[in-house]
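J.: I'd like to ask some things about the structure below.
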Amino acid sequence: MRTTRREMLGVSLGIAVTSSLRAQPASSAPPIQLPKPQTEGGKPLMQALMQRKSTRAFDGRKLPEPVLSSLLWAAWGMNRPDGKRTAPSAMNKQEIDVYVLLEQGAYVYEAKEHALRPVAAGDLRAQAGSQDFVKTAPLNLVYVVDLTKAGGNNEQDKVLYYGTATGCIAQNVYLYCASEGLVTVVRAYVDKAALAPSLGLKPEQRIVLAQTVGYPAGTPSVS
Ligand SMILES: Cc1cc2nc3c(=O)[nH]c(=O)nc-3n(C[C@H](O)[C@H](O)[C@H](O)COP(=O)(O)O)c2cc1C
């Protein structure tokens, strides 16, 4: 195979650079265990509902690991010993995976282990949507359906069921954000064809929606 100038540059800088400059699959890297989520407290539900809204201006500040942990548990964590989750899914198919795009890499949330399994190295946030805030907000969630798991007797029902399951997860994130002083917006504007290969998705996996999360723009940092 011919070595490109970019690849040579990558070698000379001691970094891996592919000809497409895409992040490398990191599936062999070990999962990152998340701390135990905070499953008590927060604002009363009716207050969180009162404050639920979409926001499109984010501070660049990273989410602390305990916050990310609780957010992911609220989104799509296991809340019962039988493996059921914080959001419903038709026939309990659990066909949605939550991909977690952080500055340092992309991961898939493994609910059973409450861990992040690396799927790609590097910052893929700019590929997670066309709106400006997407590339600088600290977290983008990408909701991905596995069509081999999806319930429904025909195509129309399948789309309805996995779309609904995704919406329920997204609303969990909205409510967690309202409770914890974070801001968020769920998004259909995502170039699915561009992002799917970067996340190493299989042909039976489809991106459904994305959701950006962070602190409100202009929040003073907490030391
Ligand atoms: C399926 C779906 C797709 C959406 N896609 C986008 C999007 O791509 N970009 C965006 O800024 N907002 C998006 N939104 C957010 C809506 O614009 C927002 O929910 C609506 O304006 C109502 O505002 P609220 O969430 O503050 O009540 C989407 C919402 C849903 C439910």
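J.: Which ones in region 165-187 are within 11 Å of the ligand (Cβ to nearest atom) and touching a Pro at 6+ places or on another chain (Cβ under 9 Å)?
T.: Result: VAL183, single match.
J.: Looking only at region 46-74, which residues are within 18 Å of PHE133 (Cβ to Cβ) and part of a helix (DSSP H, G or I)?
T.: LEU71
J.: For region 85-107, enumerate the residues that are surrounded by 20 or more Cβ atoms within 10 Å (Cβ to Cβ) and under 19 Å from ASN140 (Cβ atoms).
T.: ALA87, ILE96, ASP97, VAL98, TYR99, VAL100, LEU101, GLY105, ALA106, TYR107
J.: For region 124-131, state whether one or more residues are surrounded by 23 or more Cβ atoms within 10 Å (Cβ to Cβ), under 15 Å from the mean Cα position of the chain (by Cα), closer than 23 Å to GLN33 by Cα and away from the ligand (no atom under 16 Å from the Cβ).
T.: Scanning region 124-131 turns up at least one residue that is surrounded by 23 or more Cβ atoms within 10 Å (Cβ to Cβ), under 15 Å from the mean Cα position of the chain (by Cα), closer than 23 Å to GLN33 by Cα and away from the ligand (no atom under 16 Å from the Cβ).
J.: Scan (1) more than 16 Å from the ligand (Cβ to nearest atom); (2) under 17 Å from LEU141 (Cβ atoms); (3) assigned to a loop (DSSP other than H, G, I, E, B) for the single condition VAL190 breaks and write down its number.
T.: In the conditions (1) more than 16 Å from the ligand (Cβ to nearest atom); (2) under 17 Å from LEU141 (Cβ atoms); (3) assigned to a loop (DSSP other than H, G, I, E, B), VAL190 misses (1) alone.
J.: Also, quick follow-up: Within region 97-105, is even one residue more than 16 Å from the ligand (Cβ to nearest atom), in a helix (DSSP H, G or I), closer than 27 Å to LYS158 by Cβ and touching a residue at least 40 places away in the same chain (Cβ under 8 Å)?
T.: Scanning region 97-105 turns up no residue that is more than 16 Å from the ligand (Cβ to nearest atom), in a helix (DSSP H, G or I), closer than 27 Å to LYS158 by Cβ and touching a residue at least 40 places away in the same chain (Cβ under 8 Å).
J.: Would you mind finding the one in TYR143, TYR109 that is touching a residue at least 60 places away in the same chain (Cβ under 8 Å) and either under 22 Å from GLY214 (Cα atoms) or within 16 Å of the ligand (Cβ to nearest atom) (or both)?
T.: Unique residue meeting the criteria: TYR143.
J.: Any idea which residue in region 35-61 is farthest from the ligand (Cβ to nearest atom), counting only those that are over 15 Å from LEU71 (Cα atoms) and among the hydroxyl-bearing types (Ser, Thr, Tyr)?
T.: Only one residue fits best here, namely THR55.
J.: If you go through region 198-213 one residue at a time, do you hit one that is assigned to a helix (DSSP H, G or I), away from the ligand (no atom under 11 Å from the Cβ) and touching a residue at least 60 places away in the same chain (Cβ under 8 Å)?
T.: yes
J.: Which condition number does LEU141 fail, the rest of (1) touching a helix residue (DSSP H, G or I) at 6+ places or on another chain (Cβ under 6 Å); (2) on the phi < 0 side of the Ramachandran plot being met?
T.: Unmet for LEU141, out of (1) touching a helix residue (DSSP H, G or I) at 6+ places or on another chain (Cβ under 6 Å); (2) on the phi < 0 side of the Ramachandran plot: (1).
J.: Now for a different question. Restricting the first residue to region 151-167 and requiring it to be more than 22 Å from ALA75 (Cβ to Cβ), which pairs with a second residue that is of a type in the set (A, V, I, L, M, F, W, C) and more than 16 Å from the ligand (Cβ to nearest atom) meet a Cβ separation below 9 Å and a spacing of at least six or different chains?
T.: Partner pairs satisfying both residue conditions: GLY152/ALA90; GLY152/MET91; ASP157/ALA90.
J.: Something else about it: Just a yes or no: is a residue in region 160-172 within 23 Å of LEU34 (Cβ to Cβ), among the β-branched types (Val, Ile, Thr) and at pLDDT 95 or above?
T.: Yes, there is a match, as at least one residue in region 160-172 is within 23 Å of LEU34 (Cβ to Cβ), among the β-branched types (Val, Ile, Thr) and at pLDDT 95 or above.
J.: Kindly indicate whether LYS53 is loosely packed, with under 14 Cβ neighbours inside 10 Å, of a type outside the set (Val, Ile, Thr) and in contact with a His (Cβ under 9 Å, 6 or more places away or on another chain).
T.: In short, no.
J.: Follow-up question, since we're still on this one. Can you spot a residue in region 64-75 that is surrounded by 14 or more Cβ atoms within 10 Å (Cβ to Cβ), within 16 Å of the ligand (Cβ to nearest atom) and hydrophobic (A, V, I, L, M, F, W, C)?
T.: Among the residues of region 64-75, at least one is surrounded by 14 or more Cβ atoms within 10 Å (Cβ to Cβ), within 16 Å of the ligand (Cβ to nearest atom) and hydrophobic (A, V, I, L, M, F, W, C), which makes the answer yes.
The values are calculated or read from the model by the stated rules, or taken from the named source; none is laboratory data. Just so we're clear, the structure is a prediction, and the values are computed from it rather than from any experiment. Quick reminder, even Gly has a Cβ in these numbers, built from the backbone with ideal geometry, and neighbours come from all protein chains shown.
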